[in-house]
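Undergrad: Right, I'll just put the structure down here and ask away after.
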Amino acid sequence: MMSEWEHVRSLVNDELNNIRNSLDVPSDLREAAFHLISAGGKRIRPFILMLSGGLFDVEYRESLPAATSVELLHNFTLIHDDIMDKDEFRRGIPTTHVRFGEEVALVAGDFLFSYLHHYLVSRYSSMGKSPKLIVDIISILSEAMNNICVGQIMDILPEKYINSVDDYLKMVYCKTAALIEASACIGGMLGGCSESELEYLRNFGKNIGMAFQIADDILGVFGDPKVTGKPVGSDIRMGKRTLIVLFAEERMGEDERKVFRRVFGNREASDRDIMKAIKIIEGLKVLDDVKAVMYKLKDKALSFLRKLPRSIYREHLECLSEYIVTRQK
């Protein structure tokens, strides 16, 4: 699986570089828009899309434009997310707004969002794809973007919108899983899959996408920043009501709650205070329960995937699903 992933990542990276080099725009816009893209990234969404297409005999050259568009959309969301969260590092480098300023970063994100539609229509029109298929792909991406906006509002106003596990799962579906779900669906659509097969892909993407976000939340508290490239504890400083926090709050005693509340959502909290909050969470032993939810979602995703015919592409998706819940970054 890893060698195939590297192959797909190389294809997508080459296409992204071709786009960057062909743009006739101010250099500040080009460099800001591709700042995070050039720093690497897992390219999980393009990989899922291209493997999902492979399930229905879609060649990589045919699914590459859609996969690249999904990656452009994903990076648009990252630029804006970093601004809202005031994160200073991603992928081991300064975030776009830190490097170029908030004004330029906002425009760079907007540019990626607008350009991906132009690129998608242009590439698939030149390949002779039907207008209906192109519109259907754009509709799926638009639906995902609408969900991402809903999830983002829930995430930045957690005291209002996230007060239960169900609220949290809705948020992570919208913010993260919706685009992974769209990636799986678009691969199948390119291959002319049936409605039932599309539904299997949709449910696979939805559930593995939610598992992916829970894994990210775990790494945000318990991961090694030298490996993840992200600061540990930023979710606590930002007051993010993750599954970890929801489970921990249920178990806190009064003294623990007082200490935790002084730190949680306090953007001025010191690194030492953040570590105190993390120690409280560690002492409450919620990690196993959080992982149990994550693994249940992964198993549910695989149950839908395995309704599709066995192939090397399905095997790669199965291996990728296991990687998603065991990764270290």
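The values are calculated or read from the model by the stated rules, or taken from the named source; none is laboratory data. Worth saying up front: this structure is predicted, and the values here are computed from it rather than measured. Backbone-built Cβ (ideal geometry, glycine too); neighbour counts: all protein chains shown. Surface accessibility is based on the protein's heavy atoms, side chains included, excluding ligands, DNA and RNA. Shrake-Rupley method; radii C 1.70, N 1.55, O 1.52, S 1.80 Å.
Undergrad: Using a Gaussian network model of the chain with C-alpha springs under 10 Å, which one of SER22, SER122, SER114 is most mobile by mean-square fluctuation?
TA: Fluctuation is largest for SER22.
Undergrad: If I fit a long axis through the Cα atoms of helix 2-22 and take the longest principal axis of the Cα atoms of the chain, what angle between them do I get, 0 to 90°, rounded to 10?
TA: Roughly 80 degrees between the two axes.
Undergrad: Once you keep just the Cα pairs under 8 angstrom separated by 6 or more residues, what percentage relative contact order results for region 212-329?
TA: Numbers: 104 pairs, mean separation 40.7, N = 118.
Relative contact order of region 212-329: 34 percent.
Undergrad: Let me ask another. For LYS170, go through the lysines and keep the ones whose alpha-carbon is under 22 Å away, minus same-chain ones fewer than eight residues off.
TA: LYS160, LYS206, LYS240, LYS291, LYS296, LYS298, LYS300
Undergrad: What is the Å³ per residue value for the convex hull set by the Cα atoms of region 39-136? Kindly include the intermediate steps, with their values, before the conclusion.
TA: Working: hull volume 10.4 nm³, N = 98.
Dividing the Cα hull volume of region 39-136 by its residue count gives 106 Å³.
Undergrad: Using each residue's phi in region 292-300, evaluate 6.51 cos²θ - 1.76 cosθ + 1.60 at θ = phi - 60° and report the 3J(HN,Hα) Karplus result to the nearest Hz, with x for Gly and Pro.
TA: 4, 5, 4, 5, 5, 5, 4, 5, 5
Undergrad: Give the long-range amide H neighbours of ARG90: residues separated by 5 or more places, or on another chain, with amide H under 5 Å away, using H modelled in the peptide plane at 1.01 Å from N.
TA: THR95
Undergrad: Each residue of region 120-129 in order: what ³J(HN,Hα) in whole Hz does its phi give by Karplus 6.51 cos²θ - 1.76 cosθ + 1.60, θ = phi - 60°, with x for Gly and Pro?
TA: The phi angles translate into 4, 5, 4, 5, 6, 5, 5, 8, x, 6 Hz.
Undergrad: Next question. Can you tell me the order of 155-161, 191-197 when each peptide is scored by its average per-residue count of other Cβ atoms within 10 angstrom, highest first? Show your work: numbers first, answer last.
TA: Numbers: 155-161: 15.1, 191-197: 13.6.
Per-residue Cβ counts within 10 Å, averaged per peptide and sorted highest first, yield 155-161, 191-197.
Undergrad: To the nearest Å, what is the center-to-center distance of region 197-211 and region 88-144, using C-alpha atoms only?
TA: One Cα centre to the other: 22 Å.
Undergrad: Which value, in debye to the nearest 20, gives the size of the charge dipole of the chain about its Cα centre, when Lys and Arg are +1 and Asp and Glu are -1 at the Cβ? Before the final figure, lay out the partial values.
TA: Numbers: 44 positive and 48 negative charges, 96 e Å.
Charge dipole, the chain, about its Cα centre: 460 debye, nearest 20.
Undergrad: To continue, here is another question. Heavy atoms only, probe 1.4 Å: what % of the accessible area of the chain goes to carbon and sulfur, would you let me know? Each step should come with its number before you reach the end.
TA: Details: 7400 of 14610 Å².
Ligands and nucleic acids excluded, carbon and sulfur give 51 percent.
Undergrad: Hey, with R₀ at 45 Å, roughly what FRET efficiency would LYS296 and GLU268 work out to, going by the Cβ-Cβ distance, to 0.05? Could you put the intermediate results ahead of the total?
TA: Working: r = 37 Å, r/R0 = 0.83.
So, using R0 = 45 Å, E works out to roughly 0.75.
Undergrad: When the helices in the chain are scored as -39500 (n - 2.57) per DSSP H run of 4 or longer and the sum is shared across all residues, what 222 nm value do you end up with, to the nearest 500 deg cm²/dmol? It would help to have the intermediate numbers written out before the result.
TA: Details: 19 runs with 251 residues, N = 329.
It lands at -24500 deg cm²/dmol.
Undergrad: Are there GluC sites (Glu not before Pro) in region 230-329 that DSSP puts in a loop and that have at most 12 other Cβ atoms within 10 Å, and which ones?
TA: On the way: sites: GLU249, GLU250, GLU254, GLU256, GLU268, GLU282, GLU315, GLU318, GLU322; in loops: GLU268.
Of the GluC sites (Glu not before Pro), the ones in loops of region 230-329 whose Cβ has at most 12 other Cβ atoms within 10 Å are GLU268.
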